[in-house]
């Protein structure tokens, strides 16, 4: 017999959820608040009400133009996501619907590449980029970001695809659908929520990737991670400026996440309840 | 019509030829006030050199260090000018990674560079980096609290005086700590301070045969004094405090004394950001009467990597940014107080600068009191005041920094920290082939 959920339980759960959400979101909120303070206010200690100055934003924009970095972030995160999906959809399809003895091993191996610290391969990757002329190029970085996130994309898509009954694909085959048509016209539309959430998550991961994007770029391909990094100062307290730079960098992805949260949650919980 | 087309064609061709001729150089730098100011003033350079375009890459200090090291070691060629410090210059110059700066121009006046700074940036008498701003360390103290304590800060205090003053100035009830010192682990954080301090206690990292010296009484005296002083008179959680954390504490009036970089003087005396701006006095870093003071020497400098294809343009820029003319330019646009300090002797003879920067004389005296080639009381086989200019030092210095930070936090004893430091240094030196 299912346990009855009382109003009291619901209230406690809601309050607990709000507290956890606030705790998680608080650092971001405080960064946004600090960005509207003057430098002097920022170092004076904890205060939730800023004076509301836009001084830091104008200084940040004057010091290093935001839009070039923003454009690079968009191109790199969207580009690498599209590349990753082009490779991951067929890969996940084959593993979900035509598994072999080794499928699980391949999946584990793919995931294991995420366990290696990035810095361990910094020099080989740097040399490859140097020799192929890809240093500070958007194409090179797009491929790099795609490779970094590919294991996660394949894993997520594999999990979604496995939820789709194989019989539907068989029926399509019986009706004479080719492999291409099967993937494009039958599988993909059914997996749209899964693909969409994978895409959104991958864009977020690529947007926030700070190790390679800072180390493989200089001026032309540098995204917003490099923009934030340029405001961190070893000598001097520029917390308001740093907060303004951080707010500008996270704002687009925060807004995108807000508008697509339904899709994101739906995708992430896809298959959780049967 | 034909004539117009021809003229337009010729104009386009010449524009293209000019564009093809224009060189762009990429400069890697850190984000601090002086560097940001330089970026704002580059119009002056591009006006004088219309055929050179400047691209800036500003990075956090540790990321910058890692990036330029990777680039220079792999000959990546991403940068034409690099901002590096006195630690890197001797190591990189010996590896032939940097170009010697011998074409800085007739009016550059290399002899005007403060000798201690020039010495730290030269190898075999050749200058491999031009100093953009230089710094030492000194004591910044609250004149009002010192007076309240009934003491007078000498120009050249001893460590015993610092301890005495810190004890008297500490007023926990009012949130005043007698002294604020670096405790955050890192070769450029607590180890910069502690290595410089140890010099004044007669300690050294290595003897002439590269044998680590943490098992010697001088290091025990240094670390014990530091830990005891900080426990009695330092701020809470001092093991997490670096330059910026102590700056915030001092500016908020929570430190009686702060021994740190001379460049901090312009921050603590700035009434816009400091609540104690009009109450700050300056003194040389303390000593123990052994002939060496506990101050360091550092210069953020501009160097040209050997792999650049644009050496001539790069050297023109380095010459402009570190010239006397640049100091005059900053003074004209932003005032004398904002001129990058610690590089040229002539600046310290300038009456206007002395008036605008009350800490000028003490800064120069502090810089002159540091000798990177003879940093310690006993002889050493290395160069560097607050570091040892060998490639292994970044890793080893941070490891030892973590051990000493743990001793400050009370997680280990001074004796244990020193023993572990000795073991770590011996292992690193043996592995590096210094100890046969």
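A compact table of results
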quantity	calculated
Taking A:260, B:413 and counting other C-beta atoms within 10 Å, the order from fewest to most	B:413, A:260
Computed label-point distance, nm, for sites residue B:333 and residue A:38 using a 7 Å Cα→Cβ extension	2.4 nm
Euclidean distance of C-alpha centroids, the range A:81-109 and the range B:271-331, integer Å	56 Å
Rel. contact order, % - alpha carbon contacts under 8 angstrom, at least six apart, chain B	25 percent
Helix axis angle, A:239-259 relative to chain A longest principal axis, alpha carbon, degrees	30 degrees
P(r), alpha carbons of the range B:209-355 - 10 Å bins starting at zero, rounded %	8, 26, 30, 22, 13, 1
Least to most buried among B:143, B:184 (fewest other Cβ within 10 Å first)	B:143, B:184
Descending semi-axes in Å of the range A:65-229, equivalent ellipsoid built from Cα gyration tensor	34, 18, 13
Rounded, prolate or oblate (a/c below 1.5 giving rounded, otherwise prolate when a/b exceeds b/c) for chain B by Cα gyration tensor	prolate
Between helix A:103-112 and chain A: long-axis angle, C-alpha atoms, 0 to 90°, nearest 10	10 degrees
Chain A - percent relative contact order, Cα under 8 Å, separation 6 or more	31 percent
Centre separation in Å (Cα based) which lies between the range B:107-123 and the range B:187-262	29 Å
Gaussian network model of chain A, springs between alpha carbon atoms under 10 Å - residue of A:76, A:200, A:23 with greatest fluctuation	A:23
Per-residue average of Cβ from other chains inside 10 Å of B:54-65	5
DSSP-defined beta bridges in the protein assembly as shown - what % are antiparallel, rounded to 5	65 percent
FRET efficiency, residue A:67 to residue B:62 (Cβ-Cβ, R0 35 Å, nearest 0.05)	0.80
Computed helical MRE - 222 nm, chain B, DSSP H runs ≥ 4 contributing -39500 (n - 2.57), nearest 500	-13000 deg cm²/dmol
Choice from A:194, A:133, A:257 showing the highest fluctuation, given a GNM over chain A with Cα pairs closer than 10 Å	A:133
Gained length - residue A:97 relative to residue A:259, 0.36 nm times residue gap less alpha-carbon distance	55.0 nm
Pairwise centroid distance, computed over Cα atoms, of the range A:154-192 with the range A:200-250, Å	39 Å
Two-site label geometry, residue B:41 and residue B:312: point separation in nm, points 7 Å out along Cα→Cβ	2.7 nm
Helix axis angle, A:122-131 relative to chain A longest principal axis, alpha carbon, degrees	80 degrees
Relative contact order %, the range B:169-246, counting alpha carbon pairs below 8 Å whose residues are six or more apart	42 percent
Listed residues B:402, B:420, B:411, most fluctuating in chain B (Gaussian network, C-alpha, under 10 Å)	B:411
Fewest-first sequence of B:58, B:308, A:219 by Cβ atoms within 10 Å of each Cβ	A:219, B:308, B:58
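Every number in this text was worked out from the coordinates using simple rules, so none of it is lab data. Keep in mind that this is a model prediction, so the values were computed, not measured. Virtual Cβ from ideal backbone geometry, glycine too; neighbours counted across all protein chains shown.
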